[in-house]
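Okay, so here's the structure we're looking at.
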Amino acid sequence: SDHMENIYGYLMKYTNLVTGWQYRFFVLNNDAGLLEYFVNEQSRHLKPRGTLQLAGAVISPSDEDSHTFTVNAASGEQYKLRATDAKERQHWVSRLQICTQHHTEAIGKNNPPLKSRSFSLASQGSCNSPGVQRRPSQNAISFFNVGHHRSSSGKRVPILQPDHLVDVREMMSQAEGQQRDLIRSIECLPVSGHLTSLDQDLLMLKATSMATMNCLNDCFHILQLQHASQQKGSLPAGTTISWLEPKISLSNHFKNGAAQSFSAEINNKPASVREEQSISEPGQLTREAEEINPDEELEDISDDKEDDLGAVEEQRSIILHLLSQLKLGMDLTRVVLPTFILEKRSLLEMYADFMSHPDLFLAITNGSSAEERMIRFVEYYLTSFHEGRKGAIAKKPYNPIIGETFHCSWRMPKSEVVTDASSNLSAPSSSEQGTLAKDVEGQAELDYYTVKFVAEQVSHHPPVSGFYAECVERKMCVNAHVWTKSKFLGMSIGVTMVGEGLLSLLEHGEEYTFSLPCAYARSILTVPWVELGGKVNINCAKTGYSASINFHTKPFYGGKLHRVTGEVKQNATNTVVCRVQGEWNSVLEFTYSSGDTKCVDLTKLAVTRKRVRPLEKQGPFESRRLWQHVTESLRDGDIDKATEHKRALEERQRNEERLRAETETPWCTKYFLKEGDGWVYHKPLWKTISTVQTQQMDNN
C-alpha cells in the first residue's frame, strides 16, 4: 500500500502517576509491524526503550480530548500517547491502523484455521479433570458436531450429545476455578510497593477474565437450550435465543468479595420491599395525564448535599472489584452499580434542580432585543449546572424506571424578576390568563409567577427522559429529551447527554435549540469529583443569533478546573456581541460589546426552593414516593437495606418488561409523545395558546 511507509516523530507518552507525560521519539516500522520508541531522535541508533507488536493490536482515539490515543497490543501492553493536535493524531492513528490490519491479516493467512488445530485445556495447565484428559487433542469441530438428525425440511441438524455437554461443563468449571485463583492472587497483593492489587493492568486483567467467563456461561446456556429443544423437537417458528444477564452477579461481591445473597424468601423481606415488588404493572394503572395543582405543593425542605464520602470511603474494595469487571469503552447502561455511590434523588429530580434559578429563566423573555434575550438565555444556561450538582462529591442519581414521573413548581415574586425599562412587551391580559389555566380566579392579583415542571422516563432501553417546564403568565416554556450514555474510561466514567432542548418565547415567536455537555466522574478510586466537558451550541433561527459554549476538561499539566468559555454572535455579520469565561461552579465573567463587564458568583446566587407535593399525595410512580425506602435507608446509612429496596424495584421493572415483550404490549407514556427522534410534552404551551387565540378569533 502507498500508506505503508515508515513514519517517525515526537509524541507524548504517559508513563505513570508520578512521572506523568514525557516526550519520546516514536518510529513506526511497517515492515516488521512494530511501534518503537526512544528517549530522543539522537538515540534512534540505540536499542529502543520500548517495542509493541502491532499484529492484533487495537488503535483507539480517546473520547476525552482530540489529541490523545491508545495503542493496545494483543499481549495486553498499552501505550497511551498524545499528539500535538488533532491533525497529527489522525495521521498517526490512520497509519498505525493500516499497519495493524496488514500484519493481522498476514498472521491469519500464514496460520491454519481453527478447525485443524487441537482443542485442549489440559495442555494449558496442570488439570487433573478426567473429563478434560479423556480427549487431550480432540478436534474442536468434531467435539461439538458428533451426530446429526434430519429435520422435517430434510436439512441436517447437528446434535449435541449429553456426555459432551458434561465435558464442556467440566472444562468451564476448571476455567472458573483458575479465574477465581487469579482474582484471589491479585487481591492478595499488597496495596503499596512495586506490584500492587491496584495496578491498572491487573485491574484490566480481572475485568477481561470476568467478562470472558460471563460470555462462556451465556454460550453454554444457549447450547443447553438448543440441546433441550432438539430432544423435544425443533424450536417453534419465530423463537429466538437472546443473550442473558451476566451469570456472575456484581452484587454477589459487594461485601469485600464475599457472596451476599438477595434471594431470601419473599416472606422474610421487609413489608416495604414486598410492597415495591407487588405494585401492579404501571400500564395497568391509570396512564391518563394528571393535572397537578400547584397549590397542593409545599416548599421543599430536604437538603441532601453529597459532600461526605461516607460509605464510599468505607467501601473502597468494592469499587476496586467493580472496576475489575469493567473494560475500557464499556457501555454502563446495563451495569448495576453498588447502592452506596448513589445520590438521594432520581435523575428526573436532578433535571428539575437545573431550574433552581427561575428568576433568571423568567427574565429571558423580558429582554428588549433579540440580542439581549440570547445573552440572558446564555447567562441562565451557565448558572443552572452549579445547583444541578448536589455537592462536590461525584455520586450517581437513581436510574429512573420506565413510567416514573416527577412534578414540582417554583413561585417567583414578580418584583425579583429582572425587567427592562425600554421593553414595550405587555403582560398577558387577565382574560387570557383565565382561559389558559384552570381555576385561576384572581390570578392577575397574585404577586408571583408560577413555573411548573414535569419529567417522565419515557424509555428504558435506551434510557430516555423527557422534561418540560412552563410559565403561563410569561408565555414561555422549555421542552427537552435526554438519552444518557455512560462509558467506562479507566479511572473515570463519562456520561454523554444525547438529545436536544427547545426554549419557546411565545411573546416573541422565538425558539432556541440547545444541547447539554458531557459529564465525567473523575478519580473514582480516591475522592470522586464531577467535571463537565464538550462543546454546546445554542441557536435561534428566527433572530440569527447563536452561542457557542466550551466546557473545558482539566489538562494533565496545569490549567484550572471547571473552566468554561463561550461567545454569542450575530450569524449574518459574524459579530461577537458577548464573551464569557470563568468556572461553571464558581465565578463567571461576561464581557459585552459595549465594553461593560459583569461577574456572577454562583456560590452566592440565590436559590429558589422547589415546591413538591407531600409523599402521601403523590402517585406510586412519582420519584420521591417510588424511591422513598431507598432514600430513607441511605439517610440512615443502612446500605444493605437500601440495596434490597433498590433491587426489588429493578426486579419488578425487568419482570414488567418481560411481560410486555411476551404479550407484545407496547409501552404507553403518560405526558410525552414521540415525534420523530424526540419526545414532546402532550400539552405544550405553544399548542394551548394557539388554541386559545383561535377560539378568541372565532368569538370575535
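Data table
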item	result
Strands (runs of 3 or more DSSP E) enclosed by the stretch 470-556 - at least 2 residues per element that are basic (Lys, Arg) and open to solvent by 40 Å² or more (accessible area, probe 1.4 Å)	476-488
Residue ID - nearest to THR15 (Cα to Cα), chosen from residues in the stretch 189-198 that are open to solvent by 30 Å² or more (accessible area, probe 1.4 Å) and at pLDDT below 75	LEU198
Residue count for the stretch 497-526, restricted to those that are touching a residue at least 24 places away in the same chain (Cβ under 8 Å) and of a type in the set (Val, Ile, Thr)	2
Filtered residue count, the stretch 666-679, keeping only those that are aromatic (Phe, Trp, Tyr) and in a loop (DSSP other than H, G, I, E, B)	2
Within the stretch 621-665, considering residues that are part of a loop (DSSP other than H, G, I, E, B) and modelled with pLDDT of 90 or more, the one nearest to GLU297 (Cα to Cα)	PHE621
Among the residues listed as GLU662, GLU651, the single one being acidic (Asp, Glu) and under 15 Å from ASN399 (Cα atoms)	GLU651
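The values are calculated or read from the model by the stated rules, or taken from the named source; none is laboratory data. Please read all numbers here as calculations on a predicted model, not as lab measurements. All Cβ positions, even for glycine, are placed from backbone atoms using ideal geometry, and neighbour counts span all protein chains on display. The accessibility values were calculated without ligands, DNA or RNA, using every heavy atom of the protein model including side chains. Shrake-Rupley method; radii C 1.70, N 1.55, O 1.52, S 1.80 Å.
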